[in-house]
Amino acid sequence: MPNYFALIPAAGYGARMGNQLPKQYLTLAGQPMIYHAIRTFCESSQIKRVFIVLSPQDPGWKKYDWRAFSGKLSMLYCGGETRAESVLNGLNAAAGRFAIESSDWILVHDAARPLLTQSQLGQLIDELADDAVGGLLAVPVADTLKRSGPDARVLQTEPRENLWQAQTPQMFRYAMLLEALNNVPELSITDDASAIEAMGYHPKLVHNTSDNFKITYPQDLALAERIMQQRNQS
Ligand code: C5P
């Protein structure tokens, strides 16, 4: 039976948040944002180990107490210039630390998606466990889409049929993901599925809800705070 490993790239700076501190360390529900995703993975009985990819110059990790998760967590100080480079470096470093088989599953998850729930994670794993390629959580696009010119005036309306917003986790076999990221022409791709697609595969889209959104702008943090409060009350 293959093992399941989580890999969380957390070596970005989150420039769009307009904050000095990398966004994974901004406070959400009394904890650094990244804490929440780590907890979801560490509390899942299906996940064997959780790798965190940090920048070699990481300014925040050691300020917090991670002992609650120490049985499952490994920190890898090998983040790169882009997200894809951080994931690729992380895959190589993880295999140096831990016995990972080529057919083991890797679930790559953004540090900036703190609202992933245990049931969303379980559904992704269940739907993909027997899949030949792997896939990702995603949401069908609900809004009408406009394409603009550089002046923010509409050039055309794009059909939204069959369009999805990609989320994470994105789940692929270790060897396939490593090969895909090693061969991808542009390490500026913004998700792992793009690298798999560049090899000619078709990752499966696992229907999710929009609450697993990525914290990108300051208002996203306030919304995440409210959702967490509601979840804690119910
Ligand atoms: O900036 P963005 O929100 O797209 O980043 C998505 C995820 O990729 C975040 O968890 C971020 O820390 C990570 N990342 C990284 N290395 C980079 C850039 C982003 O690990 N060079």
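Out of Ile52, Ile47, which single residue is closer than 18 Å to Pro32 by Cα and in contact (Cβ under 8 Å) with a residue 24 or more places away in the chain? Show your work before the answer.
On the way: Ile47 fails: closer than 18 Å to Pro32 by Cα.
Among Ile52, Ile47, only Ile52 is closer than 18 Å to Pro32 by Cα and in contact (Cβ under 8 Å) with a residue 24 or more places away in the chain.
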All positions within the range 8-45 that are near the ligand (Cβ under 10 Å from one of its atoms) and outside any helix (DSSP H, G or I): Ile8, Pro9, Ala10, Ala11, Gly12, Tyr13, Gly14, Pro22
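Does Arg83 qualify as being closer than 28 Å to Gln24 by Cα and more than 16 Å from the ligand (Cβ to nearest atom)? Spell out how you get there, then give the answer.
On the way: closer than 28 Å to Gln24 by Cα: yes; more than 16 Å from the ligand (Cβ to nearest atom): no.
Against the criterion (closer than 28 Å to Gln24 by Cα and more than 16 Å from the ligand (Cβ to nearest atom)), Arg83 does not qualify.
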Which residues, taken from the range 57-87, are part of a loop (DSSP other than H, G, I, E, B), in contact with a Phe, Trp or Tyr (Cβ under 8 Å, 6 or more places away or on another chain) and at pLDDT 95 or above? Tyr64, Lys72
Counting only residues in the range 46-56 that are part of a loop (DSSP other than H, G, I, E, B) and within 19 Å of the chain's Cα centre (by Cα), the one modelled with the highest pLDDT is identified as Gln46
Pick out the one residue from Ala112, Ala132 that is part of a loop (DSSP other than H, G, I, E, B) and closer than 23 Å to Gln31 by Cβ. Ala112
What single numbered condition from (1) away from the ligand (no atom under 11 Å from the Cβ); (2) not in a loop (DSSP other than H, G, I, E, B) fails to hold for Ala142? (2)
Before we move on, is Leu91 within 11 Å of the ligand (Cβ to nearest atom) and surrounded by 17 or more Cβ atoms within 10 Å (Cβ to Cβ)? no
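With respect to Glu81, determine if the residue is surrounded by fewer than 14 Cβ atoms within 10 Å (Cβ to Cβ), under 17 Å from the mean Cα position of the chain (by Cα) and of a type in the set (D, E, K, R). Step through it out loud before you land on a result.
Working: surrounded by fewer than 14 Cβ atoms within 10 Å (Cβ to Cβ): yes; under 17 Å from the mean Cα position of the chain (by Cα): yes; of a type in the set (D, E, K, R): yes.
For Glu81, the condition - surrounded by fewer than 14 Cβ atoms within 10 Å (Cβ to Cβ), under 17 Å from the mean Cα position of the chain (by Cα) and of a type in the set (D, E, K, R) - is met.
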Might you let me know whether the range 57-76 holds any residue that is more than 12 Å from the ligand (Cβ to nearest atom), among the polar types (S, T, N, Q) and under 25 Å from Gln229 (Cα atoms)? no
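The values are calculated or read from the model by the stated rules, or taken from the named source; none is laboratory data. For clarity, every value in this text was computed on a predicted model and none was experimentally measured. Note that each Cβ is placed from the backbone with ideal geometry, even for glycine, and that neighbours are counted across all protein chains shown.
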